[in-house]
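Please read the structure below before turning to the comments.
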Amino acid sequence: MSRDFGMAALSIFFFVAIACTPKASEVSAAKASKDRAAALAKPLGGRLTSIRSLDSNKCLDASENSFNNGQKIVQLSCQVTPTQRWQIHANGADNSTFVIRPDGGGDTVIDISRESGSVDVVLWKYTEGNVNQLWKIVDLGDLTYSIRSLANLNKCLGFAEENTDDNSRLSLLDCSSAKNLRWSLN
């Protein structure tokens, strides 16, 4: 009787151990995702980059050449100006969240403002730990990225669909694979 019990317990142990062990594909997918985040952080860590909309082929720009608190962010034809150059800094040891600073903008970063009941994407002075200023940059695998709000991972930076006009304001929209929510970083 005790031998049967011992064999049953051993069988259950092996079943649980096998069932609870992650599959190699799950481990490699998780590692690949972490590796991509680390790889993204290294080349962008403080390097100046333009953030170009896949839909309009225009760049993010601090409107009116200003980096003041509350300044709107718009799209304009790409140029080599400080208002269109951005520094993407890893925020944390795991390189999975980022702050996005304009070149020459001092300590301002892209922020979600909820003043007056609406949600605007603006520049604002950086505050440590403010989730409205933290972003997940998700590699979409085709040299484009989505930029997701850490405050709400279902919301992404983008422009209203098919709005390719200069000075269109950057918005926080429901994430999808649409071109108006996809960015190249170069």
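Under a point spin-label approximation (7 Å from Cα along Cα-to-Cβ), what is the VAL131-ASN65 distance to one decimal in nm?
3.9 nm
Quick check on the exposure proxy: order PHE98, PHE67, PHE159 from fewest to most C-beta atoms within 10 angstrom. Can you show the working numbers first?
Numbers: PHE98 26, PHE67 19, PHE159 23.
In increasing order of surrounding Cβ atoms, one gets PHE67, PHE159, PHE98.
If the chain between ASP107 and ASP166 were fully stretched, how many nm would it gain, using 0.36 nm times the residue separation less the Cα-Cα distance? Write down the numbers at each step before the final one.
Details: separation 59, 0.36 × 59 = 21.24 nm, distance 2.60 nm.
Stretched fully, the ASP107-ASP166 segment lengthens by 18.6 nm.
Excluding ASN163 itself, what net charge comes from residues whose Cβ is under 13 Å from its Cβ, given Lys and Arg +1 and Asp and Glu -1? Write down the numbers at each step before the final one.
Working: positive: LYS58, ARG169, LYS179; negative: ASP55, GLU161, GLU162, ASP165, ASP166.
With Lys, Arg at +1 and Asp, Glu at -1, the net is -2.
Give the peptides 122-133, 144-155 in descending order of average Cβ contacts within 10 Å, highest first. Could you put the intermediate results ahead of the total?
Values: 122-133: 16.8, 144-155: 18.3.
With the highest mean Cβ count within 10 Å placed first, the list reads 144-155, 122-133.
Rank-order 161-167, 178-184 by packing density, defined as the average count of other C-beta atoms within 10 Å over each peptide's residues, highest first.
Ranked from most to least packed, the peptides come out as 178-184, 161-167.
For region 45-112, what's the radius of gyration and Dmax over Cα atoms, in angstrom?
11.9, 35
Values quoted throughout were computed directly from the atomic coordinates according to the rules given, and no laboratory measurement underlies them. Here the structure is a predicted model, which means the values were calculated and not measured. Glycine gets a Cβ as well: all are built from the backbone with ideal geometry, and neighbour counts include every protein chain shown.
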